[in-house]
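Values in this text are rule-based calculations from the coordinates and carry no lab data. What you see is a predicted model; the values in this text were computed from it and never measured. We place every Cβ from the backbone using ideal geometry, glycine too, and count neighbours over all the protein chains shown.
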């Protein structure tokens, strides 16, 4: 659904991210397989485990929408080609809005 | 303005109930996203970068105080205290939770609003001149025809699954303020003797392949308009490409066939319509719809208004606002007021719930309960007496929406860009803000005069960059934002697509580069009456390109 989703190599650390279906908020998969809204809890997966995690996410249609891989560092920090997009997904707009604008 | 009849009210509330069921099934997991997506899009619900977005239709940009208050309440209770007015004269809420959207739609239905056909491959909100029914230079009021088109196109079963989305605009003044030449169909109202009719332009559009519309008919009489539109839609529905999303808009069909062949097909289709299919609007029905748009009873006042003139002398800021943000009205002693949603450093088109409440109050108190959204993302009070301007200004100023910049360089059209949009490649809002800062000095802006800068964060061109006098297009190069500059676009009756000036610039370099271009214009213009776009046309683009890429 995003305009750009680069293919990541199996060995590249990646997180599983999606939108929470009920609210549309950004969520990531934590190490225990649960969904978190805390960017500090982003878990990095590689290889077959990553594929299994994404497959698991795809089965949770009522809970999350359109899960996909995003590139992260080994410790779960946002990195790579889509850093700006994923940082905005994580932190919200880079400009003030509403009353604070 | 138009009021729902029983039938309108019923179909809108039935749609809300239907969508509530669909949302519930989505939340339970019974509907998968792939199944749900076309359903939510038919109800104006997008899934953006970090939230759902709800786009609410504001037919031809007109709403009353009660409706704007309701939008404010929705912004406050279901969003984060603001809404975003768009180039289709609609409003978008950026943070609405899916689980709440049926309640939001129900609340909208109570004030005769909905989100139907604000997305998807159907006929979208018909747009118009934001000064319709008020402008001194208007020949005929386009709103009744926008409403007739709205009624014809809403839930039209034949046009619910077009090859691609479809946008119609109507104007009734010689000066085109509705950008009709960059619409799928642009209608310019004309009169021949006693007969009202429409000049029909087809196949305009922006996006990745911008086209100006071709003149397909010089005059379609009003009683034949819907049949003629239906013939166009049928030709498009039959021959428009469905194999390639990027070639599916009618502009591609018209361009590939050529205007003559397209016109021939439309005439053939029109002639083939059987008698029982013809809509052939009866005059009584045309008159019935027109009655909803009867002008307010304004008492003409000749000569200057004392209170207005006195405050202009006393308060230079007010005098500036009055010079810039007022538009001539048909009735003496009256004006149309533009409420700029482009404060320096703000996000273009955004208004807080409190600001919406203020505008609703002003409309109800002073302005015949009539509010417009302009395609340039501002609000308008179309019917205001000069004597009320001081009070209106004071309230606008207190609400932070008295910026004096209508059609000046800081009154930019700016799409939400990568700060909100799932399709964007680059941010638009911060670039717009940085450009505004460079031109923030009110005297400088006023000296520059009318100059439209339009910014899009991707090639889909929601920010109308192709038709900005200066256009800015955000592109992504290996994860870094760059901005391509176009020169010479315009959206009015002399519509033109801007030319790409050269290589893209880094975000930080854009404001300085544009300042060099604008200062070059100030050096080269014959005098202040020659607008930027006119100097550009007279001298060609070279001196401006040189300035754009000159080192600091």
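Just a few scattered comments:
- Packing here is the average count of other Cβ atoms within 10 Å per residue, and on that basis the peptides B:149-155, B:277-283, highest first, run B:149-155, B:277-283.
- For peptide B:93-104, the mean count of partner chain Cβ atoms within 10 Å of a residue's Cβ comes to 3.
- Neighbour counts of C-beta atoms inside 10 Å place A:20, A:49, B:275 in the sequence B:275, A:49, A:20, starting with the fewest.
- If R0 is taken as 60 Å, the Cβ-Cβ distance between residue B:309 and residue B:5 corresponds to a FRET efficiency of 0.85.
- Computed log₁₀ I(q)/I(0) - Debye formula, equal Cα scatterers, no solvent, the range B:142-291, q 0.10, 0.18 Å⁻¹: -0.32, -1.11
- For chain A, the longest principal axis of the C-alpha atoms and the axis of helix A:47-58 are separated by about 60°.
- In range of the label at residue B:209: residues from the range B:241-285 whose backbone nitrogen is under 11 Å from the point 7 Å along Cα→Cβ: B:241, B:244-257
- In nm, spacing of pseudo-spin labels at residue A:83 and residue B:66 (7 Å Cα→C-beta vector): 5.4
- Neighbour-count ranking [beta-carbon atoms within 10 angstrom, fewest first] of B:508, B:447, B:315: B:508, B:447, B:315
- For chain B, alpha-carbon Rg relative to the globular expectation (2.2 N^0.38 Å, N residues): 0.94
- Mean partner shielding of peptide B:46-55, defined as the number of other chain Cβ atoms within 10 Å of each residue Cβ, is 5.
- Euclidean distance between Cα centres, the range B:297-376 to the range A:20-63, Å: 50
- Span from the the range B:478-513 Cα centroid across to the the range B:65-139 one, whole angstrom: 30
- Using the average count of surrounding beta-carbon atoms within 10 Å as a protection proxy, the listed peptides A:5-11, B:203-209, B:361-367, B:288-294 rank, highest first, as B:203-209, B:361-367, B:288-294, A:5-11.
- Using R0 = 30 Å, the C-beta based FRET efficiency linking residue B:14 and residue B:290 works out to 0.60.
- Listed from fewest to most Cβ neighbours within 10 Å, the set A:36, B:171 follows the order A:36, B:171.
- Per residue of chain A, the DSSP helices (runs of n ≥ 4 H) give a summed -39500 (n - 2.57) that works out to -6000 deg cm²/dmol at 222 nm.
- Residues of the range B:147-161 with an amide N closer than 20 Å to a point placed 7 Å from the Cα of residue B:272 along the Cα-to-Cβ direction: B:157-161.
- Computed [θ] at 222 nm, helices only, for chain B once each DSSP H run of length n ≥ 4 contributes -39500 (n - 2.57): -11000 deg cm²/dmol
- Percent antiparallel among DSSP beta bridges (both partners in chain B, rounded to 5): 80
- A Förster radius of 22 Å combined with the Cβ-Cβ distance from residue A:51 to residue B:103 puts the calculated FRET efficiency at roughly 0.05.
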